[in-house]
Amino acid sequence: MSDDGFLTGVLAGNLAGLDLRAQTDLLIQAVKAAGDRPLGPLLDALAEADPLALAEVVCGTRSPGGSAVILAALPHAEKIEGVLSPRGAWPRLLELGGAESALPVLTTAARRHPGASWLVALSRKVEGPNAGLAHLTACAHHPAFAQACRNHAEAGHVEGLVLASGATGRAEPAAALLGVGKFDAMLRAAGAALDTAPESPLVAQLAAVWGPEPDDLFVRVLPILRQKRAAEALRKHCRHLPRTARLLDLVIRGMV
């Protein structure tokens, strides 16, 4: 078979007759020579036949890397994690893939490991000033969400938490910001959450952080309200807060 025929066959996932671990160099050469040809069939076949060979081709020391390789490998994250620890695999995939695959790598890692503390540093590397947004959006309905918000708040990822509030409508980002003393950012996050989900349990979440007598807190939250439906939803949860309830009644009457 010609070299081109061999390359075409390997890229099509035809691995018959190959000792995959002994001939890893051939597989890596095929990946390097692929050009614009899709890598999915080859990586699919490797994932089925030998995950160790897959991990070597995708993120081993001799891997050619590149966004095409890493994006084609993401559906096989579970197989790669069977060979490499998640804490080691995901930074390596990020490093090898470059900017084009960075966000898909981060999002896939967050979906698979929503509670992982190492996602904080990974988020900062990928998202810069918006660190935390992809992670928190990916795990918004996971039990680890509240702790993930606290982790990002402690790391100073303020803008990511504010953006995640708007993306998810959840109250936990605002509560996490309040917990680290970022009051102005908490107000922005609270407003974003209410705009997205007026029924968000903001009162309970913030009161749990603030402590007794939260009336003073929620009086200061009122100026962030932009939608009448959000103000009306908030009013239902403020019956036990006399000053806030009184002011909300005035605010609601003045809203269109």
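The values are calculated or read from the model by the stated rules, or taken from the named source; none is laboratory data. Worth saying up front: this structure is predicted, and the values here are computed from it rather than measured. So basically every Cβ, Gly included, is an ideal-geometry build from the backbone, and we count neighbours across all protein chains shown. Each accessible area value is taken on the protein alone, full model and side chains, heavy atoms only, with ligands, DNA and RNA left out. Shrake-Rupley method; radii C 1.70, N 1.55, O 1.52, S 1.80 Å.
Enumerate lysine pairs in the chain that are 8 or more residues apart or on different chains, then count those whose Cα atoms are under 25 Å apart. Mind showing how you got there, number by number?
Details: K32/K79; K79/K125; K125/K182; K228/K236.
So the count works out to 4.
With Rg/Rh (Cα atoms, Kirkwood Rh) as the read-out, I listed (1) 1.19; (2) 0.97; (3) 0.94; which label goes with the value calculated from this structure?
Only one option fits the structure, namely (1).
If we count every other residue with Cβ under 13 angstrom of L241's Cβ, Lys/Arg +1 and Asp/Glu -1, where does the sum land? Working shown, then result.
Details: positive: R220, R235, K236, R239, R243, R246; negative: E213, D215, D216, D249.
Here the count lands on +2.
Charges only on Cβ, +1 for Lys and Arg, -1 for Asp and Glu: so what's the dipole of the chain about the Cα centre, in debye to the nearest 20?
Working: 25 positive and 25 negative charges, 271 e Å.
About 1300 debye.
If you count only protein heavy atoms with a 1.4 Å probe, what accessible area per residue comes out for the chain, rounded to a whole Å²?
Values: 12150 Å² over 256 residues.
On a per-residue basis, 47 Å².
Please give the contour-minus-distance gain from E199 to D25: 0.36 nm per residue of separation, less the Cα-Cα distance, rounded to one decimal in nm. Write out the running numbers ahead of the final one.
Working: separation 174, 0.36 × 174 = 62.64 nm, distance 5.70 nm.
56.9 nm is the gain from fully extending E199 to D25.
Filter the trypsin sites (Lys or Arg not before Pro) in the stretch 46-109 to those in DSSP coil with at most 16 other Cβ atoms within 10 Å of their Cβ, and list the result. Mind showing how you got there, number by number?
Values: sites: R62, K79, R87, R92; in loops: R62.
Those satisfying the criteria are R62.
Per-residue counts of other Cβ atoms within 10 Å, averaged by peptide: what ranking do you get for 187-194, 144-151, 23-30, highest first?
Values: 187-194: 25.0, 144-151: 20.6, 23-30: 17.0.
Highest mean packing first, the order is 187-194, 144-151, 23-30.
Please work out the Cα center distance from the stretch 1-66 to the stretch 182-256, rounded to the nearest Å.
The two parts, judged by their Cα centres, are 57 Å apart.
Taking the Cα centre of the stretch 114-256 as origin, sum charge times position over the Cβ atoms of Lys and Arg (+1) and Asp and Glu (-1), and report the length of that vector in debye to the nearest 20.
Working: 16 positive and 12 negative charges, 63 e Å.
It comes to approximately 300 debye.
Assuming 0.36 nm per residue, please report the length gained on full extension of the stretch N14 to K228 beyond their Cα-Cα distance.
On the way: separation 214, 0.36 × 214 = 77.04 nm, distance 6.17 nm.
Using 0.36 nm per residue and subtracting the Cα-Cα distance, I get 70.9 nm.
Go ahead and estimate [θ] at 222 nm for the chain from helices alone: -39,500 (n - 2.57) per DSSP H run with n ≥ 4, summed, over the residue count, rounded to 500. The partial results should precede the final answer.
Working: 18 runs with 171 residues, N = 256.
Result for the chain: -19000 deg cm²/dmol, rounded to the nearest 500.
Would you work out which of P38, L74, T108 lies farthest towards the positive end of the dipole of the stretch 1-113? Charges go on Cβ: Lys and Arg +1, Asp and Glu -1.
Positive-end residue among those listed: T108.
Between R112 and M255, what is the label-to-label distance in nm when each label sits 7 Å out along the Cα-to-Cβ direction?
Here the modelled spin labels are 4.3 nm apart.
Keeping the other protein chains in place, figure out the carbon and sulfur percent of the accessible area of the stretch 114-256, with a 1.4 Å probe.
Details: 3630 of 6590 Å².
Percent of accessible area from carbon and sulfur atoms in the stretch 114-256: 55.
If I model a spin label as a point 7 Å beyond the Cα along the Cα-Cβ vector, how far apart are those points for A121 and R246 in nm?
Here the answer is 5.3 nm between the modelled labels.
Give me the percent of the accessible area of the stretch 1-113 that comes from carbon and sulfur atoms, probe 1.4 Å, all protein chains in place.
Answer for the stretch 1-113 is 53 percent, counting heavy atoms of protein chains only.
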